[in-house]
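So the structure is just underneath, and the comments pick up after that.
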Amino acid sequence: MKQTVGIFAYVATAIVCATAALSAQEAPGERLPVARMQLDNGMRVLVLPRPSSPTVAFVVEYAIGGVHERLGTTGLAHLLEHLLFKGTTTIGTRDVDAELRLFEVMDAAHDTLLSARGARSRDTTEINRLTRLIATLEDSARAHVEANEFDRILTRAGARGLNATTGSESTLYFVELPSNRTELWFVLEADRMQNPVFREFYTERNVVAEERRMRIDTSPGGLLYESHLAAAFQVHPYGVPVVGYMADLETLSRRDVDEYYRRFYGPNNATVAIVGDVDVDQVRAWVEKYLAPIPRGDEPPPVLAREPDQRGERRIELLWDAEPSVRIGWKVPAALDEDAPALSILTSLLTGGRTSRLHRRLVDEDRIATGVFSSLGPGWRFPQLLTIDATPRAPHTTAELEEAIYDEVGRLAREGPSADELERVRNQVAASSIRRLQSNLGLAFQLTQSENLLGDWRETFRFSARVRAVTSDDVRRVAATHLIDSNRTVASLVRSGATP
């Protein structure tokens, strides 16, 4: 099963463009017949009937992610994402009591192992013995496991796209099913919410550690991304990788994961979207039967860290035997700020398609880059980065790319975009809005994330009106205000022995 860490592609543009103020102009999506249910345990359930095809998309979003973790336990939410596919007290097991007895023994051995690793005088022989003991015990526990049973049940029922994704501020679990299997989803999800068993824990922890090695430690692009965020966010947890630091992944315990889940993954921290061929009254009955009895958990730990004002450009270089590239990031406000729509238009003007300013200049005209992209992130709730990624075309350098990028940004800050450029971006936004209405799963993502982040599922449908209200002066102003030298962090990947 493939898990993805990062920004959720389905609705990133919509979320980024949203602001807290409501638009007086009604957007087409606001008229969708969404039924909203607020349960006594705090869970919010959004149901959108769409009978055009006999399928249903299900999305559960927990408002918990990388920013809620603490140093020493980074990567918890992502590891949990993997483990929640391992089954429950009734699914994925032949003898859960036998499993739990073995868990106690191997977890005690793990505690002893951590003590041995931290001892002033490390006993390598003892460390190796305990490591082998844990592996042996997990093999013994595996004899009681029905591997991948959760996945098999759904697959036999016709499921598509069973997966999950962890981001900085939330974690989503999702699947599509034939509409006549809707109650099955309620049965399985309610069981998973209340009775998860974190079996094959140490094996799965190794899987996540290997994922980190592949995506970051041995990937020049991944390491550049992580290093750039760490340089830009020196206090705020946006600077900490969602996948976690390796030192933490190697020490996380089953107890850490279990306590974190029991506290923060309660229904009061969950939003559910159900979109497809369903009857609202029948869904309401299943909600009351399966989800309403689940007890509340704790509220997520507050994110109190605030990144201090940056008072000068920050630069880092990574030496690697790989093709050079550069990441340039400017601090910009959060997605709820009044400047967010103009910033979203600004990113589209710079790299939104082949006619955008930077693509046209760097790739087509000057031919000094093979590609250029921009994004807003890594999250939305807190001040973020507007980032431009570019890769030079040999023999050109990252320094040449920077010069051209800063020239185009400076022009926008002085002159603003033309009327034609603004209209092109508006047309892109309109087309994107229509595409989002075509997919049950895309709509389910949008509903949960809009409700979770903005408190109202309608908000991301209102962004079109806000974008159309952005003027050339608005774009010029946000570029001149935020995209300045002292607010910039630059990370370059330089081939070993070469100059940037």
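Which residues, counting only those in segment 160-170, are closer than 24 Å to Thr93 by Cβ and crowded, with 19+ Cβ neighbours inside 10 Å?
Ala164
Six or more apart or on different chains, Cβ under 7 Å: which pairs go from a residue in segment 337-351 that's within 10 Å of Val429 (Cβ to Cβ) to one that's assigned to a helix (DSSP H, G or I) and polar (S, T, N, Q)? Could you list them?
Note: pairs meeting the criteria are Ser344/Thr13; Ser348/Gln428.
Tell me which residues, restricted to segment 280-326, are open to solvent by less than 60 Å² (accessible area, probe 1.4 Å), part of a loop (DSSP other than H, G, I, E, B) and out of contact with any Pro (no Cβ under 7 Å at 6 or more places or on another chain).
Ala292, Gly297, Pro300, Pro301, Gln310, Gly312
Taking segment 38-58 only, how many residues are of a type outside the set (Lys, Arg) and part of a loop (DSSP other than H, G, I, E, B)?
The qualifying residues number 9.
Which count do you get for residues in segment 204-254 that are more than 17 Å from Pro378 (Cα to Cα), in contact (Cβ under 8 Å) with a residue 24 or more places away in the chain and among the hydrophobic types (A, V, I, L, M, F, W, C)?
Matching residues across segment 204-254 total 6.
Look at Gly379 and say whether it is open to solvent by less than 20 Å² (accessible area, probe 1.4 Å), under 30 Å from Glu169 (Cα atoms) and assigned to a loop (DSSP other than H, G, I, E, B).
yes
Conditions tested, residue by residue: (1) of a type outside the set (Phe, Trp, Tyr); (2) under 17 Å from Leu154 (Cα atoms); (3) surrounded by 15 or more Cβ atoms within 10 Å (Cβ to Cβ).
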residue: Ser52; (1), (2), (3): yes, no, no
residue: Tyr62; (1), (2), (3): no, no, yes
residue: Thr74; (1), (2), (3): yes, no, yes
residue: His78; (1), (2), (3): yes, no, yes
residue: Gly87; (1), (2), (3): yes, yes, yes
residue: Glu104; (1), (2), (3): yes, no, no
residue: Ala108; (1), (2), (3): yes, no, no
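Look through segment 198-242, keep the residues that are open to solvent by 10 Å² or more (accessible area, probe 1.4 Å) and among the β-branched types (Val, Ile, Thr), and return whichever of them is nearest to Glu169 (Cα to Cα).
Here the residue is Val242.
Inside segment 472-498, can you point out the residues that are open to solvent by 60 Å² or more (accessible area, probe 1.4 Å), of a type outside the set (D, E, K, R) and either touching a strand residue (DSSP E or B) at 6+ places or on another chain (Cβ under 8 Å) or assigned to a loop (DSSP other than H, G, I, E, B) (or both)?
Ile484, Ser496, Gly497 - these are the residues of segment 472-498 that are open to solvent by 60 Å² or more (accessible area, probe 1.4 Å), of a type outside the set (D, E, K, R) and either touching a strand residue (DSSP E or B) at 6+ places or on another chain (Cβ under 8 Å) or assigned to a loop (DSSP other than H, G, I, E, B) (or both).
Among the numbered criteria (1) more than 30 Å from Gly312 (Cβ to Cβ); (2) open to solvent by less than 40 Å² (accessible area, probe 1.4 Å); (3) at pLDDT 85 or above, which single criterion is violated by Thr460?
(3)
Name the residue, out of Phe445, Phe463, that is closer than 28 Å to Ala273 by Cα, in contact (Cβ under 8 Å) with a residue 40 or more places away in the chain and in contact with a Cys (Cβ under 6 Å, 6 or more places away or on another chain).
Unique residue meeting the criteria: Phe463.
Report whether or not Pro333 is out of contact with any helix residue (DSSP H, G or I) (no Cβ under 7 Å at 6 or more places or on another chain), within 30 Å of Thr398 (Cα to Cα), in contact (Cβ under 8 Å) with a residue 12 or more places away in the chain and surrounded by fewer than 20 Cβ atoms within 10 Å (Cβ to Cβ).
Spelling it out, it is not the case that Pro333 is out of contact with any helix residue (DSSP H, G or I) (no Cβ under 7 Å at 6 or more places or on another chain), within 30 Å of Thr398 (Cα to Cα), in contact (Cβ under 8 Å) with a residue 12 or more places away in the chain and surrounded by fewer than 20 Cβ atoms within 10 Å (Cβ to Cβ).
Testing Ala147 on (1) part of a loop (DSSP other than H, G, I, E, B); (2) out of contact with any Pro (no Cβ under 9 Å at 6 or more places or on another chain); (3) open to solvent by less than 30 Å² (accessible area, probe 1.4 Å); (4) among the small types (Gly, Ala, Ser), one condition comes back false. Which one is that?
Checking Ala147 against (1) part of a loop (DSSP other than H, G, I, E, B); (2) out of contact with any Pro (no Cβ under 9 Å at 6 or more places or on another chain); (3) open to solvent by less than 30 Å² (accessible area, probe 1.4 Å); (4) among the small types (Gly, Ala, Ser), the one that fails is (3).
Quick check on my filter: what residues within segment 410-431 are surrounded by 16 or more Cβ atoms within 10 Å (Cβ to Cβ) and in a helix (DSSP H, G or I)?
Listed by number, the residues that qualify are Leu412, Ala413, Glu421, Leu422, Arg424, Val425, Arg426, Gln428, Val429.
The values are calculated or read from the model by the stated rules, or taken from the named source; none is laboratory data. As the structure is a computational prediction, the values presented were derived from the model and not from experiment. Cβ sites come from the backbone with ideal geometry, for glycine too, and all protein chains shown count toward neighbours. These accessible areas exclude ligands, DNA and RNA; they are computed on the full protein's heavy atoms, side chains included. Shrake-Rupley method; radii C 1.70, N 1.55, O 1.52, S 1.80 Å.
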